[in-house]
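Remarks on the structure that follows.
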């Protein structure tokens, strides 16, 4: 599946589907770390995110997806931004919006993540920026780092 960026600003294109996720932060000594997810079969390193269950809003989806994919219970501090991209599925172009939220870890253990990702781990922010597979998520993390300084 090839992802084609379609813009970084809300409203640039009406999405066919949406999902939501989070940048989960924790302070360790003087370092801030974020939670990232890795899928070996696709050589993918990503932020936790996913599609809504019926009746869920963006915030509920983000909190649930973070819990399922990482094993971590987190609270939303603020919305970071929406990103948009397109991909091809069954010979049609799908436009997708992903809403990301800045989150703080409450409790939980990463060893309790589901099987969607092979590995879930805490990473220093500067290293995570280099590791994330998609530029849109790197942009989200850059903005999250700036926002986190206010919390």
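If the requirement is being part of a helix (DSSP H, G or I), buried (at least 21 other Cβ atoms within 10 Å of the Cβ) and either touching a residue at least 40 places away in the same chain (Cβ under 8 Å) or under 11 Å from the mean Cα position of the chain (by Cα) (or both), which of these qualifies: 69, 59?
Among 69, 59, only 69 is part of a helix (DSSP H, G or I), buried (at least 21 other Cβ atoms within 10 Å of the Cβ) and either touching a residue at least 40 places away in the same chain (Cβ under 8 Å) or under 11 Å from the mean Cα position of the chain (by Cα) (or both).
Being outside any strand (DSSP E or B) and touching a strand residue (DSSP E or B) at 6+ places or on another chain (Cβ under 7 Å) is the filter; apply it to the stretch 72-113 and report the residue that is nearest to residue 14 (Cα to Cα).
First, the residues of the stretch 72-113 that are outside any strand (DSSP E or B): 90-91, 109-113.
Add one more test, that the residue is touching a strand residue (DSSP E or B) at 6+ places or on another chain (Cβ under 7 Å), and what stays is 110, 113.
Details: 110: 35, 113: 32 Å.
Taking the candidates together, the pick is 113.
Counting only residues that are more than 22 Å from residue 87 (Cβ to Cβ) and within 14 Å of the chain's Cα centre (by Cα), which one in the stretch 126-151 is surrounded by the most Cβ atoms within 10 Å (Cβ to Cβ)? Steps first, answer last, please.
Applying the first criterion (more than 22 Å from residue 87 (Cβ to Cβ)) to the stretch 126-151 yields 126-130, 142-151.
Subset that is within 14 Å of the chain's Cα centre (by Cα): 128-129, 142-145.
Working: 128: 22, 129: 16, 142: 13, 143: 15, 144: 25, 145: 19.
Filtering the stretch 126-151 for residues that are more than 22 Å from residue 87 (Cβ to Cβ) and within 14 Å of the chain's Cα centre (by Cα), the one surrounded by the most Cβ atoms within 10 Å (Cβ to Cβ) comes out as 144.
Every residue in the stretch 72-83 that is surrounded by 14 or more Cβ atoms within 10 Å (Cβ to Cβ) and farther than 21 Å from residue 112 by Cα, please.
Across the stretch 72-83, the qualifying residues are 77, 79, 80, 81, 82, 83.
Which residues, taken from the stretch 120-134, are in a helix (DSSP H, G or I) and modelled with pLDDT of 95 or more?
Across the stretch 120-134, the qualifying residues are 127, 128, 129, 130, 131.
With respect to residue 117, determine if the residue is in a strand (DSSP E or B), surrounded by 14 or more Cβ atoms within 10 Å (Cβ to Cβ) and modelled with pLDDT of 95 or more.
Details: in a strand (DSSP E or B): no; surrounded by 14 or more Cβ atoms within 10 Å (Cβ to Cβ): yes; modelled with pLDDT of 95 or more: yes.
The answer is no for residue 117.
The values are calculated or read from the model by the stated rules, or taken from the named source; none is laboratory data. Keep in mind that this is a model prediction, so the values were computed, not measured. When we count neighbours, we look across all protein chains shown, and the Cβ atoms used for this are built from the backbone with ideal geometry, even at glycine.
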